[in-house]
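Here is the structure we will look at.
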Amino acid sequence: MSAQASMLLDLARRRGAARADVFIKSGSTRSAARDAAGNVVWTRTAEGGVGLRIFNDAGACGFASACGTQLPAAQAGMLVDAALDAARGPGRRFDLPAGRAPDGRGLGIFDARLQTATPADLEGILDQAAGEALRTDPRVRRIDSASLTASASEVELSNSRGLTGSYRQTLMNLTLGVAASDGARSTVLRRSRTARTLASISPRLFGDETTRLAALVLDARPAATHACAALLSPSAAVTLLRAAARRLLDGDDREDTRDPVRGGPLTIVDDGRLPGGIATAPFDGEGCPTRRTPIMSSGALTGALHDLESAARAGAASTGNGVRASFREPPGRRPTNFFITPGSASPPELLARLRDGVWIQLLRPTPALSGDPQRFCALTTGCAVREGAPAEAFGPALLTGDLADLLAAVVEAGNDLTFGFPGDAFGAPSLLLESVRLQPA
Amino acid sequence: MAVDSEHLRRMLISLLPTGTRAAELFVESRHALGIDLNAETGAPKIVRRWESGAHLRRFFDGRHESFVLDAPDAGALESLIRHPASISAPGAFEEASGTLHELWSPGSLDRALEIVNGAVAAAQGSPASRCNARLEAHVQEIVVISTERDTARDTRTSAELSLEIHGDRRAPATMRRAAPSLAGLGAGTRDSRSTSDLFPGMAATATPGPSGEMPVIFVSPSGGFLLHEICGHLLEADHVLAGDSPFAGARGEAIASPLLSLADDGSLPGLRGSARFDDEGIPSRRTPLIVKGTLVGYLSSRLTAHATGRISTGNGRRQTYRDAPMPRMTNLVVDSGETSFEEILASTPAGLLVHRLGRGQVDPATGSFMLAVESAMLVERGRPGRPVRGVVLRGVAHQALAAIDAVGNDVSADPAGAMCVKEDQAIPFGTRQPTLRLSSLHVAEAGR
């Protein structure tokens with residue numbers, strides 16, 4: 001246990017805390033970025049801080065955080081007092097874990113090459129992605145924006161029951177925006193991909209895919225209102241999964257509100273130990289070991305995610321889902337690597353099975369339009385499929401439908417499970433749906 | 001915040017590397033208090049955050065460098081200026097500068113809880129199935145030290161209360177209040193209006209909205225959010241420079257109804273986007289954007305101003321020291337017209353009367369926008385009709401701007417303002433404007 005954690009826990013105990021835990025994260029980030037005018041921006045960040053969670057005798061919890069990992073005694077005292085004072089209202093008693101938390105070895109979450117990458121290394125990767133994007137289609141006239149961020153950090157968790165644990169991790173994010181024009185129409189398309197290691201992302205492939213999607217948007221023409229079968233690309237499938245996640249995970253003590261999802265072959269799991277997963281860690285933000293939790297099996301709900309508090313409420317055990325977004329936030333029940341498990345068919349095989357319909361490759365949710373949390377509403381771009389082959393591009397079109405109905409319409413999942421989309425650690429393979437409804441946007 | 005700005009500025013100037021055009025050091029300390037209360041459980045989640053950090057930027061021709069450091073003490077700030085590329089760990093936290101703000105005191109928390117509990121009590125007995133209240137308050141102290149101008153210091157305070165009511169199978173309705181301090185939110189006071197008054201869309205009499213093209217009246221100041229989406233973002237100089245805005249290269253051209261004159265003004269007291277300086281140390285000011293329908297200006301930051309050979313309009317804003325500033329709107333203000341609200345309403349045979357807008361989005365490249373309507377009524381024979389729920393507005397920016405056919409003389413400010421998100425940075429903005437009527441806008445049923 002670090003001296004900082006030990007001091008905070010000792011202070012908390014002496015000032016009346018019944019239980020406490022200390023989360024310390026420190027690390028550095030390097031990034032290279034290029035804007036539309038070709039200006040290069042290099043950024044280097046040294047970051048870190050402490051999050052202190054305290055429980056009083058009644059089980060009420062308070063939280064306080066501060067930047068810096070070497071708080072002097074006076075500041076540490078202020079932090080303890082602030083967290084103690086914030087422990088108000090009714091609480092629920094539960095035990096914090098004890099002992100030695102597992103480490104991160106074998107999980108594929110640390111890449112020494114990322115930790116030592118120089119700005120020139122990062123610019124070189126950006127150049128590969130940008131160069132390929134410009135080569136793929138002459139209608140891509142310029143790179144609108146490009147950035148690559150590499151971060152390395154160390155996490156330490158300790159609590160008043162003597163638990164200690166630590167691990168180190170790396171993360172990289174590649175973002176590319178391309179500007180395409182055919183004279184009459186123009187578009188700017190931005191994509192981003194996140195991974196744990198340099199080897200997980202091919203910059204050339206990423207540049208090529210980005211340009212192909214920009215070309216699709218450029219070629220797209222409005223679609224008439226119609227219903228048809230559809231193949232969703234992994235990124236489109238993740239958008240659907242993300243919309244459904246809140247309903248799927250709003251579980252345990254609110255069983256009545258969970259969508260009854262019937263039929264379909266969907267199997268959905270949460271796996272905090274997925275090798276190389278963006279949200280993979282040996283233990284969660286409360287020190288509980290992470291694990292694989294089935295959420296849905298063949299279309300039927302089978303499990304729920306728990307942190308310590310929700311587990312106590314439900315009379316269950318934590319599933320290692322007390323996730324911390326940073327040292328600035330207390331742990332909360334959230335998914336880790338949350339994904340639809342892959343099937344066996346390749347995307348070309350799924351296209352052949354689709355035969356006639358649409359291949360949806362871009363899906364942008366429009367929450368402003370949904371008006372109803374159980375309805376899905378998104379702008380989509382893709383291409384028609386005739387006799388199993390891609391045909392003319394369409395879009396933007398509006399895809400709307402009841403979330404439960406859309407999930408139930410899935411008939412097959414592909415073998416191309418993909419992660420790394422912006423915002424979370426959700427993943428999905430291509431999905432074949434028997435029917436969707438499209439209308440002009 | 002104990003920062004020896006003159007000493008640091010001298011260092012910044014004397015240690016400028018060869019080829020550096022300018023350098024800037026942004027130092028921030030922020031105390032924050034957050035309360036989340038779920039009315040069902042009654043257990044508040046209380047979070048206190050104490051953030052401190054510095055962001056050094058050095059500008060070269062065609063390149064600039066950023067260095068960000070958490071928790072810098074005096075020595076770490078000097079090291080950041082001397083050897084920025086060597087920073088590898090957060091600072092040691094300056095004990096002398098660690099002045100605990102009153103917002104972290106037990107008394108402040110008592111007052112904040114009183115406000116949150118009062119808001120939840122006001123929502124009791126509503127047709128809602130769930131109710132959540134959230135309070136966020138912060139005190140932000142900033143110092144901007146630049147090689148090019150005098151040091152800027154500012155203290156910004158903010159408190160915001162939001163109440164979210166979930167109905168059966170409907171999007172939640174929200175109510176927000178904001179003020180510069182907890183006291184300004186009205187500790188100990190309860191809103192005496194009924195939930196149906198606060199959330200007309202939740203009223204038992206509310207019916208699904210109409211659909212199709214129709215006149216839409218935005219009661220003062222509700223239309224500010226519409227203009228923020230379709231003007232504010234599209235007139236930000238980074239979008240314009242990248243060619244991402246339909247208004248790129250349109251300076252001097254008529255882009256809106258001649259009834260519309262619109263400006264950005266961060267110097268107005270009391271609005272959510274007001275500050276003495278922007279986050280690059282440029283004094284806040286009024287920037288005319290549209291005068292009688294003609295585009296006269298864009299919103300710029302230091303970098304975009306340099307790229308266009310102009311001076312910054314004081315719109316370089318950032319969420320925290322960790323972020324890079326971008327051109328962002330502060331407060332959107334619309335000049336008064338000459339028509340009363342009553343005259344505008346009476347001259348509208350049928351249409352939609354919008355009291356409050358919800359979430360929205362705009363495609364910068366095309367100007368296409370969608371906006372959710374949180375509170376609205378039908379207009380029937382020039383009078384307010386029944387409340388409606390579940391409608392959205394769709395359109396294209398330049399068509400909507402041209403469709404403004406009435407501007408009221410009832411200018412008012414929205415004290416709550418709203419939060420605006422751009423490239424993952426959320427910052428507040430304010431609005432002050434009269435009632436507006438658009439002769440035609442597409443109204444659609446949400447989710448269909």
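Please treat every number below as a calculation from the coordinates, not as lab data. This one's a predicted model, so the numbers in the text were calculated from it and none came from an experiment. Cβ: placed from backbone, ideal geometry, glycine included. Neighbour counts: every protein chain shown.
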Q | Qualifying GluC sites (Glu not before Pro) in the range A:354-431, DSSP loop, other Cβ atoms within 10 Å at most 11 | A | A:Glu387
Q: Take the Cβ-Cβ distance between B:Ala350 and B:Val296 as r, set R0 to 25 Å, and report the resulting FRET efficiency rounded to the nearest 0.05.
A: 0.10
Q.
Step by step: find N for the range A:1-71, compute 2.2 N^0.38 Å, then divide the Cα radius of gyration by it. What's the final number?
A. 1.65
Q) If you rank B:Asp335, A:Asp35 by fewest surrounding Cβ atoms within 10 Å, what's the result? A) B:Asp335, A:Asp35
Q. On average, how many beta carbons from a partner chain sit within 10 Å of the beta carbon of a residue in B:47-57?
A. 6
Q: Select from B:Gly430, B:Gly273, B:Gly209 the residue whose mean-square fluctuation is largest in a Gaussian network model of chain B (Cα-Cα springs shorter than 10 Å).
A: B:Gly209
Q. ³J(HN,Hα) across the range B:331-338 via Karplus (A = 6.51, B = -1.76, C = 1.60, θ = phi - 60°), whole Hz, x for Gly/Pro?
A. 10, 8, 10, 10, 5, 5, x, 10
Q. Once label points are set 7 Å from the Cα along Cα→Cβ at both A:Arg113 and B:Arg63, what is their separation, rounded to one decimal in nm?
A. 2.4
Q: Taking chain A as the reference, fit the longest principal axis to its C-alpha atoms, fit the long axis of helix A:73-85 to the helix C-alpha atoms, and give the angle between the two in degrees, 0 to 90, nearest 10.
A: 80
Q | B:Met11, B:Met175 arranged by Cβ crowding within 10 Å, fewest neighbours leading | A | B:Met11, B:Met175
Q | From phi via Karplus (6.51, -1.76, 1.60), per-residue ³J(HN,Hα) for the range A:312-320 in Hz, x at Gly/Pro | A | 5, 5, 8, x, 10, 9, 4, 9, x
Q: With springs only between Cα atoms under 10 Å apart, run a GNM on chain B and tell me which of B:Gly408, B:Gly42, B:Gly314 wobbles the most.
A: B:Gly42
Q: Determine the distance separating the Cα centre of the range B:1-53 from the Cα centre of the range B:300-352; give it in Å without decimals.
A: 26
Q) How much net charge surrounds B:Thr304 when only the other residues with a Cβ under 12 Å from the Cβ of B:Thr304 are counted, with Lys and Arg +1 and Asp and Glu -1? A) -1
Q: Could you work out how far helix A:203-219 tilts from the main Cα principal axis of chain A, as a 0 to 90 degree angle to the nearest 10?
A: 50
**Q.** Kirkwood Rh (inverse of mean 1/r, distinct Cα pairs), the range B:233-290, angstrom
**A.** 13.1
Q) If r is the Cβ-Cβ distance from B:Asn409 to A:Arg13 and R0 is 51 Å, what FRET efficiency results, to the nearest 0.05? A) 0.20
(Q) Can you list residues from other chains, or at least 5 along the same chain, whose modelled amide H is less than 5 Å from the amide H of A:Val358? (A) A:Ala229, A:Ala230, A:Leu231, A:Val385
**Q.** In Å, descending, principal axis extents of the Cα set of chain B
**A.** 71, 56, 36
Q. With chain A treated as a Gaussian network of Cα nodes joined by springs under 10 Å, which of A:Ser430, A:Ser151, A:Ser181 yields the largest mean-square fluctuation?
A. A:Ser181
**Q.** Burial ordering of A:Ile24, A:Ile340, B:Ile165, fewest other beta-carbon atoms within 10 Å first
**A.** A:Ile24, B:Ile165, A:Ile340
Q: Provide, in order from the shortest bin, the percent of all Cα-Cα pairs of the range A:362-441 in each 10 Å bin, continuing until the bin that contains the maximum pair distance.
A: 16, 43, 38, 3
Q) For the pair B:Glu6 and B:Ser439, how long in nm is the line joining their label points, each one 7 Å along Cα→Cβ? A) 6.2
Q. In cubic angstrom, how much convex hull volume per residue do the alpha carbon atoms of the range A:299-338 span?
A. 71
Q: Taking DSSP loops as anything outside H, G, I, E and B, show the longest stretch in chain B free of GluC sites (Glu not before Pro) there with at most 16 other beta carbons within 10 Å.
A: B:149-252
Q) What residues of the range A:399-420 lie in the reach of a label at A:Ser346, counting those whose backbone N is under 17 Å from a point 7 Å from the Cα along Cα→Cβ? A) A:413-418
Q | Projected area averaged over orientations for the range B:207-445, convex hull of C-alpha atoms, nm² | A | 11.7
(Q) So, R0 is 25 Å and r is the distance between the beta-carbons of B:Thr207 and B:His166; what FRET efficiency does that work out to, to 0.05? (A) 0.80
Q: At 0.36 nm per residue, minus the direct Cα-Cα distance, what do B:Arg251 and B:Ala426 gain on full extension? Give it in nm, one decimal, please.
A: 60.2 nm
Q. Once Rh is set to the Kirkwood radius over Cα pairs, what Stokes-Einstein translational diffusion coefficient, in µm²/s, holds for the range A:220-440 at a temperature of 20 °C and a viscosity of 1.002 mPa s?
A. 119
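Out of every Cα pair in the range B:7-67, what percent are spaced more than 16 Å from each other?
63
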Q. How big is the gap, in Å, between the Cα center of the range B:406-424 and the Cα center of the range A:289-362?
A. 39
(Q) Can you give me the angle between helix A:234-249 and the longest principal axis of chain A, using Cα atoms only, in degrees from 0 to 90, rounded to the nearest 10? (A) 40
Q | Computed over the protein assembly as shown, Cα set: Rg, Dmax in Å | A | 27.0, 75
